[in-house]
Each structure stands twice: as C-alpha cells, then as structure tokens.
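Chemist: Shown below is the structure under consideration.
The values are calculated or read from the model by the stated rules, or taken from the named source; none is laboratory data. In this text, all values refer to a predicted model and were calculated from it rather than measured experimentally. Methodologically, a virtual Cβ is constructed for each residue, glycine included, from the backbone with ideal geometry; neighbour enumeration extends over all protein chains shown.
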Amino acid sequence: MNTADTLVLNRHFYAVHVTDWRRALALVYCDHARVVDEEYRTYSFADWRELSAGIREHPAGFVRTPTLRIAIPEVIALRYYDRLPPQTVKFTRRNIYEHYGYRCAYCGSKFGTSDLNLEHVVPRSRGGRTDWTNVVTACVRCNVRKGDRLPEEAGMQLLLQATKPRWRGAATLIVRPGVKIRTSWQRFVDNAYWNAELDRA
C-alpha cells in the first residue's frame, strides 16, 4: 500500500497543508485542484494521467488500476482556496530562545541554551505574568544582577523588548507527525518556517 503524502498549496502557491495521496488525487479528479510540477506548470486530472503514461520512475510512486497508471502528485494547488489559516506561536522555551536569537535582553550577547535563563521583566513576586509580554531571555550573570527588581531599579537597560512573535513565510503549513518533507516541496515552503526563525510582532 502506498503511503506517499502530497503538499497542498492555495491558489497563490502558498503551502497550507499536507494530505495523503488518496485525498490529493480525489481533489484533482474532482477539479478542485491541479497537479503542480517543479516549473510551476499545472495539470488537470486528464493532463496528469496522460503525462503519467510517459513517466518511468516517480519519487512518490504510482497508482495502478486495470485501466490506468497515474503518478502520485507530490504537489497540488487548490483552484479556489486563497486563505492562510491563522497560526499562533506556542509559548515554549525553545520558541522564546529562538525569538530573541539566543541573546541576553540586557547585555545583548549571544549564548548557548545552558547559559540563558527565562527572565520576567516584571518579577512574578510583583505580579509579573509568564507570557510573551513579560518574558525575555537573559544570561545567568544579568539575571542574577537584576534579581527580583524592575530593570530600572537594577540600573539595567532592556535592549530586547518583550513581544509576541509571529511566524514568517509558510506559517500555516500543517504537517502530521512522521511526515517527511520532500525535496520537491522546498521551493514552495519558506525555509524560515522549518528553521523556526521567529519575527517580533
């Protein structure tokens, strides 16, 4: 049984989803989507079936029936869908570190994860919240120096403001666990998404 997955683009060629090959072929067959090749050419089901007859080997494999042999599309584009579903960035230690570029919000130097702490700008003991609007990264030295005070009370300047990040590029791509990213998908998927590089809002 074939387990190939297909990248789904909206009609503006932005990656929005990954689906299984059965759903992908069904969308193309019903004319809700077109197969997309590496040159951004699109094919209807009839065109793709005809083209498949001349393909000897295909990375995603083929679907065979008694009457046809068709290549499993690696990328399809929806004909009418043009939205990008909203995506929020989870409040995790990794995302916080990447959001601030592994830099201390006070001295500005870059550190490894073992030398960085999560820093509450307004200390929790003084009502500070544990969320994007109050947490930054700080090196151990600056974190100890600031202690349980506000930055101005400690005579320290906050170089990186606490902000909520947003994804850049293909922010809405939904990938099921275990799905391997195909090389044919790369031109349609923003590398910034896969490297989890975050933007400050």
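Chemist: Can you pull out every residue in the stretch 63-78 that is surrounded by fewer than 16 Cβ atoms within 10 Å (Cβ to Cβ) and of a type outside the set (Val, Ile, Thr)?
Modeler: 64, 66, 68, 69
Chemist: Let me ask something else about it. Just checking: which of the strands (runs of 3 or more DSSP E) contained wholly in the stretch 66-140 hold 2 or more residues that are farther than 24 Å from residue 20 by Cβ and of a type outside the set (Asp, Glu)?
Modeler: So the answer is 116-120, 135-139.
Chemist: Scan the stretch 27-36 and tell me whether some residue there is without any contact (Cβ under 8 Å) to a residue 24 or more places away in the chain and in a strand (DSSP E or B).
Modeler: Checked the stretch 27-36: no residue is without any contact (Cβ under 8 Å) to a residue 24 or more places away in the chain and in a strand (DSSP E or B).
Chemist: Can you tell which of 108, 101 is outside the structural domain of residue 185 (by TED's automatic domain parsing), within 30 Å of residue 157 (Cβ to Cβ) and without any contact (Cβ under 8 Å) to a residue 24 or more places away in the chain?
Modeler: 101
Chemist: Another question about this same structure. Go through (1) touching a Ser or Thr at 6+ places or on another chain (Cβ under 7 Å); (2) surrounded by 14 or more Cβ atoms within 10 Å (Cβ to Cβ) and name the single condition residue 45 misses.
Modeler: With (1) touching a Ser or Thr at 6+ places or on another chain (Cβ under 7 Å); (2) surrounded by 14 or more Cβ atoms within 10 Å (Cβ to Cβ) applied to residue 45, the lone miss is (1).
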